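What follows is one structure encoded as structure tokens, with my remarks underneath.
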Amino acid sequence: MARHNDTGKNGETAAAIYLQKKGYTILELGYRAGRAEIDIIAKIGNDIVFVEVKTRSTVFFGLPEEFVTKTKQKLIQKAADAYLLKNNIVEESARFDIISVLKGEIEDEIYHMEDAFWPDSLEL
């Protein structure tokens, strides 16, 4: 596996552990629907949370969360719709979060943005 793939997977693992410590239940990791993928699907209370994780070892080119483009948001929404339909989930509310992981020499910096984007604001 390429080094950048390792960095991404390590970030997703760190994000999942972070969410569990905050009381979230992890439902899926790396959920795929066609060419769309959601890094983490979690639940807290009555909310289903679709999480995109962005990991970087440096901010030289920008903060990790700045790399979640509108195109990526649309793909995440499509995968979320597929997940909700497949699992017949209609009662719970859903939200879209971004977790930014900045790799550190001693420990990672994790920044969690709840409700980072909304499907209604996307141009579909």
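What single numbered condition from (1) of a type in the set (A, V, I, L, M); (2) outside any helix (DSSP H, G or I); (3) more than 13 Å from Ile48 (Cβ to Cβ) fails to hold for Ala94?
Single failed check for Ala94: (3).
If I go through region 55-88 residue by residue, how many of them are at pLDDT below 90 and either over 17 Å from Arg35 (Cβ atoms) or surrounded by 20 or more Cβ atoms within 10 Å (Cβ to Cβ) (or both)?
Number of matching residues: 13.
Between a first residue in region 38-58 that is basic (Lys, Arg) and a second residue that is at pLDDT 95 or above and outside any strand (DSSP E or B), which pairs have beta carbons less than 7 Å apart while being 6 or more apart in sequence or on different chains?
What qualifies is Lys43/Tyr24.
Pull up region 89-107, narrow it to residues that are buried (at least 20 other Cβ atoms within 10 Å of the Cβ) and in contact with a Lys or Arg (Cβ under 9 Å, 6 or more places away or on another chain), then point me to the one that is nearest to Lys9 (Cα to Cα).
Val101
Scan region 85-106 residue by residue and report those that are among the aliphatic types (A, V, I, L, M) and under 13 Å from Glu65 (Cα atoms).
Here is the first cut: in region 85-106, the ones among the aliphatic types (A, V, I, L, M) are 85, 89-90, 94, 98-99, 101-102, 106.
Passing the criteria: Ile98, Ile99, Val101, Leu102.
Being at negative phi and either modelled with pLDDT under 90 or over 13 Å from the mean Cα position of the chain (by Cα) (or both): is that true of Arg3 here?
Values: at negative phi: yes; either modelled with pLDDT under 90 or over 13 Å from the mean Cα position of the chain (by Cα) (or both): yes.
Yes: the conditions hold for Arg3.
Which of the numbered conditions does Gln20 fail, given that it passes all the others? Conditions: (1) at pLDDT 95 or above; (2) part of a strand (DSSP E or B).
For Gln20, the exception is condition (2).
When region 18-44 is examined, which residues are found to be farther than 17 Å from Asn87 by Cβ and surrounded by fewer than 11 Cβ atoms within 10 Å (Cβ to Cβ)?
Lys21, Lys22, Gly23, Arg35
The values are calculated or read from the model by the stated rules, or taken from the named source; none is laboratory data. These numbers were taken from a predicted model, which means no experiment stands behind them. Please note: Cβ atoms are built from the backbone with ideal geometry, for glycine as well, and neighbour counts cover all protein chains shown.
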